[in-house]
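The values are calculated or read from the model by the stated rules, or taken from the named source; none is laboratory data. Because the structure is a prediction, the values reported are computed rather than measured. Backbone-built Cβ (ideal geometry, glycine too); neighbour counts: all protein chains shown.
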Amino acid sequence: MKVALVTGGGSGIGRAVARAMDHAGYKVVLAGRRLDALEETATGTQMVVVPTDVTQPEEVKALFSEIESRFRRLDVLFNNAGMGAPPVPMDELTIEQWTSVVNVNLTGAFLCAQAAMGLMKRHEPMGGRIINNGSISAQTPRPNSAPYTATKHAITGLTKSIALDGRPFGIACGQIDIGNAASEMTARMTLGVPQANGSVMAEPRMDLKHVADAVLYMAGLPLDANVLTMTVMATTMPLVGRG
């Protein structure tokens, strides 16, 4: 039995990936801030629900203590929890909005990866895999997206650092950059979103199943193979040429 932790598991990409991993035979632990949303994801499954605010070190510590107590191991962490800020000009952002995004998208991902690496070093056999959700904003920004884009660019650096530092311990790390998966977060794209040239355009989306399948592929590789970066996107969305 392989054990997987999915953060941000109460909706969207996290929910789709958690259900796919459950269906594939993983023992899935769900983490997120909203108990009701986590329980909805877990309906009809054997998932373990652990409400967690990934920005709080003590809550992350408690989450990983629960995993170690129940299973003695962790094979896969899908570092998925994330949030954005209002799409306003940078000079209109509040420091609270900036800090909230940094705390969830970057510090939360770091805290979970840090705890996962410690557990993966302790269990026998040693090793495991961390998959970070980078987003296509790790490559190219949208207008008025400085907090989200900055944190997702930082996730790329974190991914490479984990891949390097985990190497002696059999810990692999990769990043999936997702473009326009059909979730609650991207619903507004069907009505039109600002483009780099100042226009507003509706954008195509893709089924969440394709994201879940991609994460399952990354997670299922033997630890002597790794997908360092993968981009999965709606084919005709405006990414290529956007920069």
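Checking the conditions here, which among Met117, Met21, Met90, Met126 is within 18 Å of the chain's Cα centre (by Cα), surrounded by fewer than 21 Cβ atoms within 10 Å (Cβ to Cβ) and among the aliphatic types (A, V, I, L, M)? Only one candidate passes the filter, namely Met117. Checking each residue in the range 111-144 for being within 23 Å of Gly32 (Cβ to Cβ) and not aliphatic (A, V, I, L, M) picks out Cys112, Gln114, Gly118, Gly128, Arg129, Asn132, Asn133, Gly134, Ser135, Ser137. Among residues of the range 6-21 that are among the basic types (Lys, Arg), those with a Cβ under 9 angstrom from a residue that is at pLDDT 95 or above and not in a helix (DSSP H, G or I), sequence gap 6+ or separate chain, pair up as Arg15/Val6; Arg15/Gly8; Arg15/Gly9; Arg15/Leu30; Arg19/Val28; Arg19/Met47. Within the range 6-20, the set of residues being part of a helix (DSSP H, G or I) and more than 14 Å from Ile176 (Cβ to Cβ) comprises Arg15, Ala18, Arg19. Checking each residue in the range 142-196 for being more than 29 Å from Pro222 (Cα to Cα) and in a strand (DSSP E or B) picks out Val193, Pro194. Residues that are out of contact with any Lys or Arg (no Cβ under 9 Å at 6 or more places or on another chain) and touching a residue at least 40 places away in the same chain (Cβ under 8 Å) were ranked within the range 199-219; the one that is farthest from Ala163 (Cα to Cα) is Lys209. Pairs meeting the criteria (first residue in the range 224-241 and closer than 14 Å to Asn132 by Cβ, second residue aromatic (Phe, Trp, Tyr) and at pLDDT 90 or above, beta carbons under 8 Å, at least 6 apart or on different chains) are Val227/Tyr217.
Let's see how each residue does on (1) modelled with pLDDT of 85 or more; (2) of a type in the set (Gly, Ala, Ser); (3) over 15 Å from the mean Cα position of the chain (by Cα):
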site: Asp177; (1), (2), (3): yes, no, no
site: Ser183; (1), (2), (3): no, yes, no
site: Leu191; (1), (2), (3): no, no, yes
site: Val200; (1), (2), (3): yes, no, yes
site: Val211; (1), (2), (3): yes, no, no
site: Leu216; (1), (2), (3): yes, no, no
site: Ala219; (1), (2), (3): yes, yes, no
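Of all residues being β-branched (Val, Ile, Thr) and under 17 Å from Leu77 (Cβ atoms) in the range 182-228, which is surrounded by the fewest Cβ atoms within 10 Å (Cβ to Cβ)? Just the residue, please. Result: Val227.
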